[in-house]
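Below is one structure, written out as structure tokens; comments come after it.
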Amino acid sequence: MRFGWRTIPGPALTAATALLALLLDRYLPVPSPAPLFVCIVAFAGSLSGFASAMVSATVAVIGSALFFLNHGSVPGYTTTDLVRLGLLAITAAATAGITGLMRERLLDAFALERRHYATAERLSAALDQVDIGIVLLDAETRAEFINRAFRDYFSLPDEKAESRPPFIALMYHGRDTGAFELPEDELSAFIAVRMEMVRIGDATPINIKLSNGEVLRFVCAALPDGGRMLSYTPVTDLVRHTDTPSRADYYRSLRDPTGRNLIRYLRVAE
């Protein structure tokens with residue numbers, strides 16, 4: 001049993017109640033404090049656990065025994081008093097056991113939740129370090145998590161990413177910001193196909209060409225809970241199938257956001 005401030009209130013309150021009942025019983029007809037003792041035992045168990053509750057229950061039984069000793073017209077115990085003491089002892093012990101067990105289970109649940117939260121925080125921080133865009137959708141296709149790479153690829157503000165937007169809103173955001181390298185008359189069909197892929201959990205990879213020259217390989221993975229994990233892997237360094245293989249270095253240089261590869265390519269060409 002660990003002693004601390006949480007351990008003291010239950011037994012102290014039980015002893016104070018017993019003393020107060022003994023003092024008042026000398027001058028006033030005081031009813032049995034047994035129900036109040038049971039409440040205090042439950043309070044002690046929820047506050048500090050089984051040990052404190054059992055100490056409170058023991059003090060309650062002793063206090064009730066002293067109370068019944070001089071409560072009648074004749075000092076001593078009657079059969080009714082003994083029955084009451086027995087019922088109080090059983091009830092107080094059961095209350096201590098139940099509340100102590102419930103407290104332990106609640107503490108274990110809170111500790112497990114804290115560990116899961118810490119793990120989720122570490123995982124979130126790790127996913128923000130990779131260059132693969134990751135989006136986790138729930139069963140209703142609302143975004144539960146959007147990592148930093150996806151936000152950067154599609155210029156998604158943090159406020160909007162944290163608001164759990166539906167996947168269709170992310171698609172429209174990409175359309176409105178001109179993120180996709182597609183003619184305007186093809187955007188609606190492109191969005192419809194992507195929505196259908198996510199809805200049915202189609203894992204067929206497709207390449208998405210962005211207007212800044214980058215190419216992302218999109219894959220949708222169905223999760224056991226009905227959600228979806230969307231990954232956007234950068235494959236800009238790979239030659240697109242429409243590019244001429246003999247000019248692969250030139251196309252790669254054009255997709256370099258810094259322009260350094262293009263300068264190097266032009267120098268070699270000279």
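Quick one: is residue 161 open to solvent by 60 Å² or more (accessible area, probe 1.4 Å), of a type in the set (A, V, I, L, M), under 34 Å from the mean Cα position of the chain (by Cα) and at pLDDT below 95? Answer is no for this residue. I need every pair where a residue in region 121-133 that is touching a residue at least 12 places away in the same chain (Cβ under 8 Å) has its Cβ under 7 Å from the Cβ of a residue that is in a loop (DSSP other than H, G, I, E, B) and of a type in the set (S, T, N, Q), sequence separation at least 6 or different chains. Cβ pairs passing all conditions: 127/147; 128/147; 133/147. Being in contact with a helix residue (DSSP H, G or I) (Cβ under 9 Å, 6 or more places away or on another chain), touching a residue at least 60 places away in the same chain (Cβ under 8 Å), open to solvent by less than 20 Å² (accessible area, probe 1.4 Å) and outside any helix (DSSP H, G or I), is that true of even one residue in region 212-230? Checking region 212-230: at least one residue is in contact with a helix residue (DSSP H, G or I) (Cβ under 9 Å, 6 or more places away or on another chain), touching a residue at least 60 places away in the same chain (Cβ under 8 Å), open to solvent by less than 20 Å² (accessible area, probe 1.4 Å) and outside any helix (DSSP H, G or I). Would you be able to say whether some residue in region 240-251 is modelled with pLDDT of 90 or more and outside any loop (DSSP other than H, G, I, E, B)? No, every residue in region 240-251 fails to be modelled with pLDDT of 90 or more and outside any loop (DSSP other than H, G, I, E, B). For residue 156, are the conditions met, namely being under 23 Å from residue 121 (Cβ atoms), under 27 Å from the mean Cα position of the chain (by Cα), surrounded by 12 or more Cβ atoms within 10 Å (Cβ to Cβ) and touching a residue at least 60 places away in the same chain (Cβ under 8 Å)? No.
Only one entry of 162, 184, 196 meets the criterion of being within 16 Å of residue 211 (Cβ to Cβ) and charged (D, E, K, R), and that entry is 184. Determine, yes or no, whether residue 80 is in a helix (DSSP H, G or I), polar (S, T, N, Q) and open to solvent by 70 Å² or more (accessible area, probe 1.4 Å). Yes, satisfied. Just one of the numbered conditions (1) within 20 Å of residue 219 (Cα to Cα); (2) part of a helix (DSSP H, G or I); (3) open to solvent by 40 Å² or more (accessible area, probe 1.4 Å) is not true of residue 129: (2).
Give 60, 89, 34 a once-over and let me know the one that is surrounded by 19 or more Cβ atoms within 10 Å (Cβ to Cβ) and modelled with pLDDT of 90 or more. Going through 60, 89, 34 in turn, just one is surrounded by 19 or more Cβ atoms within 10 Å (Cβ to Cβ) and modelled with pLDDT of 90 or more: 60.
Residues in region 184-197: is at least one open to solvent by 20 Å² or more (accessible area, probe 1.4 Å), modelled with pLDDT under 90, acidic (Asp, Glu) and not in a helix (DSSP H, G or I)? Taking every residue of region 184-197 in turn, none turns out to be open to solvent by 20 Å² or more (accessible area, probe 1.4 Å), modelled with pLDDT under 90, acidic (Asp, Glu) and not in a helix (DSSP H, G or I).
Going by the conditions given, is residue 19 surrounded by fewer than 18 Cβ atoms within 10 Å (Cβ to Cβ) and more than 19 Å from residue 93 (Cα to Cα)? Taking the combined requirement at face value, the residue satisfies it.
Taking the options 112, 136, name whichever one is open to solvent by less than 90 Å² (accessible area, probe 1.4 Å), within 30 Å of residue 161 (Cβ to Cβ) and not in a helix (DSSP H, G or I). Result: 136 is the single residue among 112, 136 that is open to solvent by less than 90 Å² (accessible area, probe 1.4 Å), within 30 Å of residue 161 (Cβ to Cβ) and not in a helix (DSSP H, G or I).
The values are calculated or read from the model by the stated rules, or taken from the named source; none is laboratory data. These figures come from a predicted structure and were not determined experimentally. Please note: Cβ atoms are built from the backbone with ideal geometry, for glycine as well, and neighbour counts cover all protein chains shown. The protein model used for the area step is the full one, side chains on, heavy atoms only, and it has no ligands, DNA or RNA in it. Shrake-Rupley method; radii C 1.70, N 1.55, O 1.52, S 1.80 Å.
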